[in-house]
Amino acid sequence: MKLALFNDWRLGVVTGEEIADITALVPQWSPSWPYAWMLTFIANFDAMRKDIERFVPSAPRYLLEAVELKPPIPQPSKVIAAPVNYPLHQAEMGGVQGVYHGASIKTIEHYGLFLKPPSSIVGPNSMITLPFKGRRTDHEAEVAVVIGKTVKNVVESEAEQAIFGMTGLLDLSVRGQEDRPFRKGFDGFCPLGPVIVTRDEVKDWDNIEFRLTVNGTVRQQGNTGRMIYPIRRLVALASYQTTLYPGDVIATGTPEGVGEILPGDVLTLEVDGVGRLTVSVSRQYAEPPEGMGSWFDPFLVARGAPV
Ligand code: MN
C-alpha cells in the first residue's frame with residue numbers, strides 16, 4: 001500500500017494516478033499535530049488494513065497531480081541517519097582527490113549514527129534555501145526506512161518486522177568540519193516522500209534501486225545491495241542505541257555521485273516503487289546572523305576550492 005499525506009494533512013492511499021482520502025478511518029485525526037495521530041495510525045496499521053482496503057474503493061478520490069503532497073512523516077520522534085555507508089561514496093569523500101582533501105574517511109564502525117532534526121523535514125515540491133553562500137552544500141540521495149513499532153535491541157534477523165515501510169529521502173549536507181547534525185540539520189535539509197510504501201510491497205530490502213537527477217541530469221544511481229551496513233543491521237544498531245518508535249525514520253546512507261547543489265537547481269529523487277520526490281533550490285541564499293563570522297568561514301571545501 002502506498003500512503004501519503006496531502007492538503008491539510010489528510011491521509012490518502014495512492015492508486016495509480018489517484019489518491020483516495022481515508023482520513024475518515026482515523027478517529028484521532030487532527031491537522032494541528034500530525035505526528036500524534038500518524039504514530040497511532042502506523043502502530044495500528046496491521047489491525048486497520050482490511051478496513052482500509054474495504055474503504056478505498058468508495059473513498060473520496062482526487063487526481064494526484066491536483067493535491068498538495070506533504071511529507072509522509074511530518075514530525076517523527078527522530079530521523080536517524082547512517083554516515084558513509086557505501087564503499088564508493090567513502091572513496092569519493094577521502095583521499096587526495098576527495099571532497100575532504102586527503103582526509104581519511106571511515107565508516108559507521110568509527111562514526112556511529114547521527115540525528116537530523118525532525119524540523120528539517122519538508123515534502124515534495126518544496127523550496128530549499130541554502131544557508132551559506134561560499135560554502136559547498138551537497139545532495140545525498142537515500143532510501144529511508146520508516147519504523148512501524150516501538151522496539152529496543154532488535155536483532156538483525158528480526159529487524160524486518162520492526163519496519164513499517166520505505167520512502168525517499170534527501171540528506172542535504174553542508175560540507176565542512178562542524179558536527180553532522182549541524183551541517184545536515186538546516187530547515188529543508190530533509191526532503192521526504194512522496195509516499196510510504198508499506199513493507200509487504202518491498203520484495204528485497206537489499207535490492208532497491210534509486211537515482212537522483214539534478215536539472216534532468218543523472219548524478220547518483222544506487223542500489224541498497226551495495227551498502228556497508230545493510231538495512232537490517234542499521235535497524236538493529238539504531239535500536240541498540242535508542243528506542244525506536246512508530247514513524248521514526250532511518251536514512252540509510254548515500255551512494256557515490258554526491259555533488260554541489262546551486263541556487264535554481266531542481267532535484268528529483270526516484271526510489272523504485274516509491275515514486276518521484278522533486279524539490280527546488282531557491283535563487284536566494286539565507287542571511288547568516290551577524291557576529292558569528294568564525295562559525296561561517298569557509299573550510300577546505302569552500303566552493304571553488306579544488307576537489
Ligand atoms: Mn547521508
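The values are calculated or read from the model by the stated rules, or taken from the named source; none is laboratory data. Values in this document were obtained by computation on a predicted structure and should not be read as measured data. Using ideal geometry, Cβ is built from the backbone for each residue, glycine included, and neighbour counts are taken over all protein chains shown. With ligands, DNA and RNA removed, areas are computed over all heavy atoms of the protein, side chains included. Shrake-Rupley method; radii C 1.70, N 1.55, O 1.52, S 1.80 Å.
Consider region 172-226. How many of its residues are in contact with a Ser or Thr (Cβ under 8 Å, 6 or more places away or on another chain) and open to solvent by 70 Å² or more (accessible area, probe 1.4 Å)?
3
Count, please, the residues in region 76-90 that happen to be in contact with a strand residue (DSSP E or B) (Cβ under 7 Å, 6 or more places away or on another chain) and more than 14 Å from the ligand (Cβ to nearest atom).
Selection size over region 76-90: 2.
Kindly indicate whether Ser119 is more than 21 Å from Gly264 (Cα to Cα), of a type in the set (Gly, Ala, Ser), part of a loop (DSSP other than H, G, I, E, B) and away from the ligand (no atom under 13 Å from the Cβ).
Taking the combined requirement at face value, the residue does not satisfy it.
Could you check region 1-99 for helices (runs of 4 or more DSSP H) lying wholly inside it with 3 or more residues that are modelled with pLDDT under 95?
Working: elements: 34-43, 45-55, 87-93.
Output list reads 34-43, 87-93.
Give region 238-266 a look and list any residue that's open to solvent by 50 Å² or more (accessible area, probe 1.4 Å), hydrophobic (A, V, I, L, M, F, W, C) and under 18 Å from the mean Cα position of the chain (by Cα), or say none.
Val266
What do you reckon, is Arg211 away from the ligand (no atom under 15 Å from the Cβ), within 21 Å of Val279 (Cα to Cα) and in contact (Cβ under 8 Å) with a residue 40 or more places away in the chain? So that I can check it myself, show each step before the final result.
Details: away from the ligand (no atom under 15 Å from the Cβ): yes; within 21 Å of Val279 (Cα to Cα): yes; in contact (Cβ under 8 Å) with a residue 40 or more places away in the chain: yes.
Taking the combined requirement at face value, the residue satisfies it.
Where residues in region 139-158 are surrounded by 21 or more Cβ atoms within 10 Å (Cβ to Cβ) and of a type outside the set (A, V, I, L, M), which of them is farthest from the chain's Cα centre (by Cα)?
Across region 139-158, the extreme among qualifying residues is Gly148.
Residue check: is Pro87 touching a helix residue (DSSP H, G or I) at 6+ places or on another chain (Cβ under 6 Å) and over 15 Å from Ile22 (Cα atoms)?
no
Residue by residue through region 248-268, note down the ones that are within 10 Å of the ligand (Cβ to nearest atom) and among the aliphatic types (A, V, I, L, M).
Within region 248-268, Ala251, Val258 meet the criteria.
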